[in-house]
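Q: Take this structure, written in structure tokens, and hold onto it; I'll ask about it next.
The values are calculated or read from the model by the stated rules, or taken from the named source; none is laboratory data. Every value quoted in this text rests on a predicted model; they were computed, and no experiment measured them. Reconstructed Cβ throughout: ideal geometry from the backbone, glycine too, with neighbour counts over all protein chains shown. Ligands, DNA and RNA are excluded from the accessible area calculation, which covers all protein heavy atoms including side chains. Shrake-Rupley method; radii C 1.70, N 1.55, O 1.52, S 1.80 Å.
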Amino acid sequence: MERAVGFILLTLVVYEVMKKLYVRFYTPLLLPIVTTTGTLVAVLLWFQLPYQTYMEGGKWIGRLLGPAVVALAFPLYHHRQTLKRQFWPIFQAVCAGAMIAIVSGACFSVLFHLNKKVLFSLLPKSVTSPIAMDIAKEIGGIPALAAVYVMIAGIFGAVFGPPLLRALQITHPLGVGIALGSASHGVGTAKALEIGKEAAAISSIAMTLSAILAAFLCPLFVSVLL
Amino acid sequence: MKRALIIAVQVAGLYGLYGIGVWLQHWFHLPILGSIIGMLLLFFLLMSGVVKERWLGDGAQFLLSYLPLLFVPSTVGIADYLSLFQGRGLLSIAVVMISTVMVMTASGAIGQWRAKKAEKETEIHQETKGMNG
């Protein structure tokens, strides 16, 4: 019990400090989710504490994720006009993204001779972790490993996505939102929230759509081609 | 203090919607996650005016401002798989990164291209309408 409260407080304090650091230096490498995760992992390793022990407290913070996803209905609602006007462009772009995610993941895995269990675990990496874990289980991957690849895709996209998109002159809120949502799910959407409310609304649509698409496409792709 | 109470009550309300979403998912064996069903549900409730924005708005704003924090417990799970960052595991991480860049570039570019095209079409449409009228 005390340990659980301790881990919750530790997470909150580290996050607040890292947020301050990020505001002070404002470089993508100091994104609070990266630095907070890094610090906590270092603490666990230093004291040789297993992840399970951390989760006695951590799960209480994670539990708020469900209602937070529900809260994404608000940016969606605020941008309902855009949503209505732009539904087809969003749908087409997200479809393309979901297919590229699966095909490129599979092709490079084969190219690099990764074993099948790893391939099946990384195939759903572009969608939010609870769904990705379900998909991985269904196609024969390892759910916990799938969650790790999801986090790598999320963090990598949140850190390097915005500069990449700027370099490619993708600055339209619709392009930015779709890119972050379909490649980096919730972590990307959290980053989009920092860029602007419209990009965030579109990012949450993109992440939802791509999760639904991946839940259909991954098993289909595996059963047909692998 | 009063504001904190309002936020707490509204977060509880959002939690309730999440609970309904999870329940619907299990009951109908849907392939969509409960939280996403809850989000769609709230969206339709707002659109139809059944739920007013001020009933849940502050709580939602509060949760969304802490969104990255809420992912931290799951990202810390990487601690159990640090061996991935050595040897062949690195290749799998490279695959994830390359694929992420490809998805981001393609979906972003297609989205922007289609959006701009759609905007242009509406403009032309409005112009012609203006000329006729």
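Q: Report, in deg cm²/dmol and to the nearest 500, the calculated mean residue ellipticity at 222 nm for chain A, where each DSSP H run with n ≥ 4 adds -39500 (n - 2.57) and the sum is divided by the residue count.
A: On the way: 12 runs with 190 residues, N = 226.
Per the formula, -28000 deg cm²/dmol.
Q: Right, something else. Round to a whole number: what % of the accessible area of the protein assembly as shown belongs to carbon and sulfur, probe 1.4 Å? Please report the intermediate quantities before stating the final value.
A: Values: 11750 of 17100 Å².
Accessible surface attributable to carbon and sulfur in the protein assembly as shown totals 69 percent.
Q: What is the mean number of Cβ atoms from other protein chains located within 10 Å of the Cβ atom of each residue in peptide A:90-100, rounded to a whole number?
A: Taking the mean over all residues of the peptide, I get 5.
Q: Obtain the nm distance between the two label points defined at A:Trp88 and A:Val23 by a simple spin-label model: each point lies 7 Å from its Cα along the Cα-to-C-beta direction.
A: Each label point lies 7 Å from its Cα, and together they span 4.4 nm.
Q: Suppose the chain between A:Lys137 and A:Val43 were pulled fully straight at 0.36 nm per residue; how much longer would it get relative to their current alpha carbon spacing? Don't skip to the end; give the middle numbers.
A: Working: separation 94, 0.36 × 94 = 33.84 nm, distance 3.03 nm.
Fully extending the segment from A:Lys137 to A:Val43 adds 30.8 nm.
Q: Could you give the distance between the Cα centres of region A:23-53 and region B:1-69, to the whole Å?
A: First find each Cα centre; the distance between them is then 29 Å.
Q: Moving on to the next point. Enumerate the calculated ³J(HN,Hα) couplings along region B:83-100 in order (Karplus 6.51 cos²θ - 1.76 cosθ + 1.60, θ = phi - 60°), each rounded to whole Hz, writing x wherever the residue is Gly or Pro.
A: With coefficients 6.51, -1.76 and 1.60, one gets 4, 4, 7, 10, x, 5, x, 4, 4, 5, 5, 4, 4, 4, 5, 4, 4, 4 Hz.
Q: Quick check on chain B: helices-only [θ] at 222 nm, where DSSP H runs of length 4 and up contribute -39,500 (n - 2.57) each and the sum goes over total residues. Nearest 500, please. The partial results should precede the final answer.
A: Numbers: 5 runs with 107 residues, N = 133.
Taken over chain B, the calculation gives -28000 deg cm²/dmol.
Q: If you average the sequence gap of Cα pairs under 8 Å that are 6 or more apart and divide by the length of chain B, what percent do you get for the contact order? Show your work: numbers first, answer last.
A: Values: 62 pairs, mean separation 25.2, N = 133.
Once normalised by length, the contact order is 19 percent.
Q: What does the accessible area of A:Met55 come to, in Å² to the nearest 10, when a probe of 1.4 Å is used?
A: 50
Q: Also, I was wondering about something else. Would you mind calculating the relative contact order of region A:2-63 from Cα pairs under 8 angstrom and at least 6 residues apart, reporting the percent as a whole number?
A: On the way: 39 pairs, mean separation 31.6, N = 62.
RCO, region A:2-63: 51 percent.
Q: Another question about this same structure. Using a/c under 1.5 as the rounded threshold, could you call region B:49-133 rounded, prolate or oblate? The axes a ≥ b ≥ c are square roots of the C-alpha gyration tensor eigenvalues, and prolate needs a/b larger than b/c, oblate otherwise. Walk me through the numbers on the way to the answer.
A: On the way: a/c = 6.63, a/b = 1.53, b/c = 4.33.
Oblate.
Q: Suppose R0 equals 45 Å. What FRET efficiency, 1/(1 + (r/R0)^6) with r the Cβ-Cβ distance, do B:Val50 and A:Val13 give to the nearest 0.05? Don't jump to the answer; show the numbers that get you there.
A: Numbers: r = 40 Å, r/R0 = 0.89.
So the FRET efficiency works out to roughly 0.65.
Q: Compute, for B:Lys52, the solvent-accessible surface of its heavy atoms (probe 1.4 Å) with the complete set of protein chains present, and express it in square angstrom to the nearest 10.
A: 90
Q: Determine, for each peptide in A:20-29, A:101-110, the mean count of other beta carbons within 10 angstrom over its residues, then list the peptides with the highest first.
A: Answer by packing, highest mean first, reads A:101-110, A:20-29.
Q: What relative contact order, as a whole-number percentage, does chain A give when Cα pairs under 8 Å and 6 or more residues apart are counted?
A: Numbers: 277 pairs, mean separation 41.9, N = 226.
Once divided by the residue count of chain A, the mean separation gives 19 percent.
Q: Computed on protein heavy atoms with a 1.4 Å probe, what is the summed buried accessible area for the chain pair B and A, in Å² to the nearest 100?
A: Details: alone 11240 and 13290 Å², together 17100 Å².
Approximately 7400 Å², summed over both chains.
Q: Then there is this: Multiply the residue gap between B:Gln86 and B:Ala4 by 0.36 nm, knock off their C-alpha separation, and tell me the result in nm, one decimal place. Before the final figure, lay out each step's value.
A: Details: separation 82, 0.36 × 82 = 29.52 nm, distance 4.60 nm.
Extra length available between B:Gln86 and B:Ala4 comes to 24.9 nm.
Q: Would you please classify the overall shape of region A:2-63 from the alpha carbon gyration tensor, given that a ≥ b ≥ c denote the square roots of the eigenvalues, rounded means a/c under 1.5, and beyond that prolate means a/b larger than b/c while oblate covers the rest? Write out the running numbers ahead of the final one.
A: Details: a/c = 2.49, a/b = 1.79, b/c = 1.39.
Prolate.
Q: With a ≥ b ≥ c the root eigenvalues of the C-alpha gyration tensor of region B:28-74, is it rounded (a/c under 1.5), prolate (a/b larger than b/c) or oblate? The partial results should precede the final answer.
A: On the way: a/c = 4.02, a/b = 1.11, b/c = 3.63.
Cα axes put region B:28-74 in the oblate bin.
Q: Counting only the heavy atoms of the protein chains, how much of B:Leu30 is accessible to a 1.4 Å probe, in Å² to the nearest 10?
A: Here the residue's solvent-accessible area equals roughly 70 Å².
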